[in-house]
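To start, the structure under review is shown below, and the notes come after it.
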Amino acid sequence: KPTPPPTPTQATPTPTSPPPSHPPHASNAASAPSHPSARKALHPSSPIHYSKYKIVFIMGLNSSSFSWGGQVRWFGNGGEGVRMRMGEVVFSEGEGEGDVEGREGDTIEGKSQFSCLVFDNRGVGNSGYPRGPYSTSGMAQDVICLLDYIGWTAERELNVVGISLGGMIAQELASRIPHRIASLLLAVTTPGSTFPLFNLPPWSGVSSLARLIVTPKPEDKLPIVMRMVYTEKWLKERAERIVYPGDKDNGKGVSEVQGKTNMDVQAEAFLRRASITLPQRFLGHISQMCAGLTHHISPPKLHTLATLIPKIIILTGDVDNLVRPSGSYRLKASLDEALAEGERTGVNEKGGRVEMVLWRETGHAIHAQRETWFNRLVERCAVEGRLRVERGFK
């Protein structure tokens, strides 16, 4: 049965539970609040503002839901909270390059409460292996079935985050249930093409994927994966410890991990995930690759997303060996066509309904290489989407 919504006095929400063995009863679904933002008071003179955000994380090619570990830990602790001024999101501290540390007059209006949904796509992890090849539209339908099953069906309650192949699935998902979505973050992805050859990764990515197919042992896969999804420069740098909401720290937010490089930290995480994840079958590997190669979402569908979804952020790095950054630029251009001239924004320019964010010296695994930035961006995207809904976006 679904976990009951937290009361205003709870510091953090209950982590998302696995789907029940039977569909939730109607009485349980009805007990959830009809609107994710509300004002309540423990005492008439002390109002407490709290929000409930439902985030759907859709993972990319041949990766299980364990790859969202940093995001689950962050949002499972309630998120960090974003800076507000007069009800507007001003910025999320430290999010990306060039952000300021603070401004006089800014306040943090409460701590946002989040529920996260992570799952294994078909053909990987603990999910099934239906006969392939797969398509992003079919995989999007899988997500809709899961959302319906757990009762996440209300209007404008979903904040969808998709990375790589997951971003392609998220596009198809959003085109099917736009009115259930408050915000959409598409990371290192592409609208695709009607010609599969145009969807191929750069040569370094193609060769790495081919080698992974014939490399069964995780310890042998490790160096191939690391250099495929991260930048060489970053892997050699000294690692920084991520301070998650609720963690005790020295107040600086991030402290060094003694004596370890980013390669050391990511290698440990990769091997740990491999030790607790079912090995992917050849069928799943090839079928998911087919879904990416045949993905194409037409400009009319993208125009629909731009007009029906309150907030969209497109995110990419500039050193991507699997999905060319040009795919993100094409996404932005197609979405902008549906907006009025005054609504369009440039790269790394905040405030628009459709934003594009570019992070320098960043590879394909953008959610792990820039984990804190990524989490803060997800949080800001969700909050801005909710604000637009509360102000009457239809």
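When Lys and Arg each count +1 and Asp and Glu each count -1, what net charge do the other residues less than 11 Å away from G346, Cβ to Cβ, add up to?
Summing Lys and Arg as +1 and Asp and Glu as -1 gives 0.
log10 I(q)/I(0), Debye, Cα-only the range 118-229, no solvent, q = 0.15, 0.19 Å⁻¹?
-0.80, -1.15
Based on other C-beta atoms within 10 Å, arrange T294, T153 from fewest to most.
T153, T294
Starting with the fewest neighbours, write out L147, L184 ranked by other beta-carbon atoms found within 10 Å of each beta-carbon.
L147, L184
Quick check on the range 166-251: take the gyration tensor over C-alpha atoms, sort the square-rooted eigenvalues as a ≥ b ≥ c, and tell me if it's rounded (a/c under 1.5), prolate or oblate.
Verdict is oblate for the range 166-251.
Please find the FRET efficiency linking L271 to T215, where r is the Cβ-Cβ separation and R0 is fixed at 25 Å, and quote it to the nearest 0.05.
Values: r = 14 Å, r/R0 = 0.56.
The value I calculate is 0.95.
If you take the beta carbon distance between R360 and E232 as r and set R0 to 22 Å, what does 1/(1 + (r/R0)^6) give as a FRET efficiency, to the nearest 0.05?
0.90
Can you work out D for the range 269-394 in µm² s⁻¹ from Stokes-Einstein, where Rh is the Kirkwood radius over C-alpha pairs, the temperature is 10 °C and the viscosity is 1.306 mPa s? It would help to have the intermediate numbers written out before the result.
Details: Rh = 16.7 Å.
Estimated diffusion coefficient is 95 µm²/s.
Got a sec? How would C116, C290, C381, C145 order by Cβ neighbour count within 10 Å, fewest to most?
The order, fewest Cβ neighbours first, is C145, C290, C116, C381.
Take the range 340-394, drop everything but the C-alpha atoms, weight them equally and run the Debye formula without solvent; then report log10 I(q)/I(0) at 0.13, 0.27 Å⁻¹ to two decimals.
So the normalised log intensities are -0.41, -1.14.
What is the magnitude of the charge dipole of the range 142-189 about its Cα centre, with +1 placed on the Cβ of each Lys and Arg, -1 on the Cβ of each Asp and Glu, and no other charges, expressed in debye to the nearest 20?
100 debye
Coordinate-derived values only; no laboratory data. Because the structure is predicted, anything quoted here is derived from the model rather than measured. Every residue, glycine as well, gets a Cβ built from its backbone with ideal geometry; the counts of neighbours run over all protein chains shown.
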